[in-house]
Structure formats: structure tokens, C-alpha cells
1. If eta is 1.306 mPa s and T is 10 °C, what Stokes-Einstein diffusion coefficient results for segment 40-122, Kirkwood Rh from Cα pairs, in µm²/s?
2. Report, in order of residue number, the helices in the chain meeting two criteria: a C-alpha extent of 18 Å or more along the helix axis, and a mean Kyte-Doolittle hydropathy of at least 0.0; treat each whole DSSP H run as one helix.
3. Measure off, as a whole percent, the carbon and sulfur share of the 1.4 Å-probe accessible area of the chain, all protein chains present.
4. Quick one: accessible area per residue over segment 66-143, 1.4 Å probe, rounded to a whole number of Å²?
5. P(r) of segment 1-147 in 5 Å steps, Cα pairs, percent per bin?
6. Mind giving me the nanometre distance, one decimal, between the label points for A58 and D210, set 7 Å out from Cα along Cα→Cβ?
7. Restricting the calculation to Cα positions, tell me the Rg (one decimal) and the Dmax (whole number) of the chain in Å.
8. Tell me what the chain gives for mean residue ellipticity at 222 nm when only DSSP H runs of n ≥ 4 count, each as -39,500 (n - 2.57), the sum divided by the residue total, rounded to 500 deg cm²/dmol.
Amino acid sequence: GSMSDEPALLETPDLLVSVVVPMLNEAENVRPLWAELEAVSATWPFQAEFIFIDDGSADATPARLREVAAVDSRVTVIQFARRFGQSAALSAGFRHARGQVVVPMDGDMQNNPRDIPALVAALDDPPGFDVVSGWRQKRQDGFWLRRLPSVMANRLIGRLTWTRLHDFGCTLKAYRREIVQDVLLYGEMHRFLPVICTWQGGHITERVVDHRPRTRGTSKYNLKRTIKVLLDLLTVKFLGDYLSKPL
């Protein structure tokens, strides 16, 4: 957690928040998302940089991203030659992040950037947290295909990982940079970054965030691979435990 003698994040004059956005075939969302980030960030009590990762899109996403980067110096674009998945994209974004706080968010406009200052501020709530995870209390998705499987998955994951979160699938979170810097992500691991942080001794809390219906494009990433992911996660747990106390 945070040390008592450190100034609160929001009172740090040079606080930089790195917003990390993985994008896969979201050409029509690039401009609206950037425009919204630009407008909303004007009201934030801290500086921001925006890191967009193109996860090997087959549409005009890379071209749109380059146009945005050309007019906004706060934008960095990382381009993958082929699709490596959301975790790899987030991982690359985290490595390039310069901010003291890293905030991943979806590229489909379903997360609301207006929630970001509250997530950042919550890192300082006593006793101090390393991760503040978004909880989409009112999910704007279909019940049978998205919400019900997700509730079941969240309960199962919570039980298996001893990490109580209502919503493991929400991308929008705020991390202190130190905690995510050394975590290697692969496959679908990004969903469990909070879990891995907890296992490393990080303190985690959650805050309710807005969830908006998708208006353009189609959904690319989902919870279908949950069971496979859980097995991956138990591998991570096992390796982590036994690296510190072999056999």
C-alpha cells in the first residue's frame, strides 16, 4: 500500500496517468474514443498520455491511429504485425507507460473515461491500494450470452483464486505502475492481473464504473476461454509459490 509520508497521488503536481487502450478492428471507434478522451481529460487534475496498441487489425484501425497520433503529442501508437491478443497488447502498453498510474481501458467505447479520476483517487483511499478494479454493476450486454456466464465465471474465479472481486472481466482499472511493471502477461492473463498483484502482496479494491452499450463495431474479446484461463492461472500460482519455496 501507500506509505503515509508520500503525498496523495492527486496532490502530486507532476502526476502522469497512462491510459492504455488495446484495439482490434475498431476503426470506427478510434476517432470518437480519442475525441472523448481529449475532451474528458481536459477536466482531470493530472496530466495524461494515451497509448493505443493495434493488435494486428485487418481494417483501417492502424491508419486511424496514426492520424490521431499526428495531431496529438500525448498519443503513442504501438502496432503489432499480427494479432497477439489482448494480454500481449496490454503488456506492451504497460511497458511503454511513463505514468505513475496505469489505466487500461477497452477500445470499444463501453468503458467511460469519466470514471478514471475516481479510480485514480481510490488508490489513495486508506489504507492505500495498488489496484482499483472497475465493477460494471449495470452491464449493457445480453443476459444469457454475456451476463449470466460472466456472473458464474466471476464466482468461480473468486473461489479458486481467493480474490474477491465482483467483475474480473472489466478492463477499466487503475494500477500503481510498480505493481504491473514486472508482471508478464500472455494468453488471457490480463483478466487476472489483479489476482497476480494480490498474490504478490498488492492491496486491491473495487469501484463501480459506468458500462455503456456498444454502438459501433462488434465485440472481439470475451469470457469464452474462462476455464482454460483458470488452468493457466493455477499454473501461475503454482510457479509463483514454488519459485519462492521449491518443493
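The values are calculated or read from the model by the stated rules, or taken from the named source; none is laboratory data. Since we're looking at a predicted model, the values are computed, not measured. In this analysis, Cβ positions are derived from the backbone assuming ideal geometry, glycine residues included, and neighbour counts consider all displayed protein chains. Surface areas here come from the heavy atoms of the whole protein model, side chains and all, with no ligands, DNA or RNA. Shrake-Rupley method; radii C 1.70, N 1.55, O 1.52, S 1.80 Å.
1. The estimated diffusion coefficient comes to 115 µm²/s.
2. On the way: long enough: 27-41 (22 Å, -0.03); 148-161 (20 Å, 0.56); 226-244 (27 Å, 1.04).
Answer set is 148-161, 226-244.
3. 57 percent
4. Spelled out: the 1.4 Å probe surface of segment 66-143, per residue, equals 43 Å².
5. In order of increasing distance, the bins hold 2, 9, 18, 20, 20, 14, 10, 5, 2, 0 percent.
6. Each label point lies 7 Å from its Cα, and together they span 3.3 nm.
7. In order Rg, Dmax, the Cα atoms of the chain give 17.4, 55 Å.
8. -11000 deg cm²/dmol
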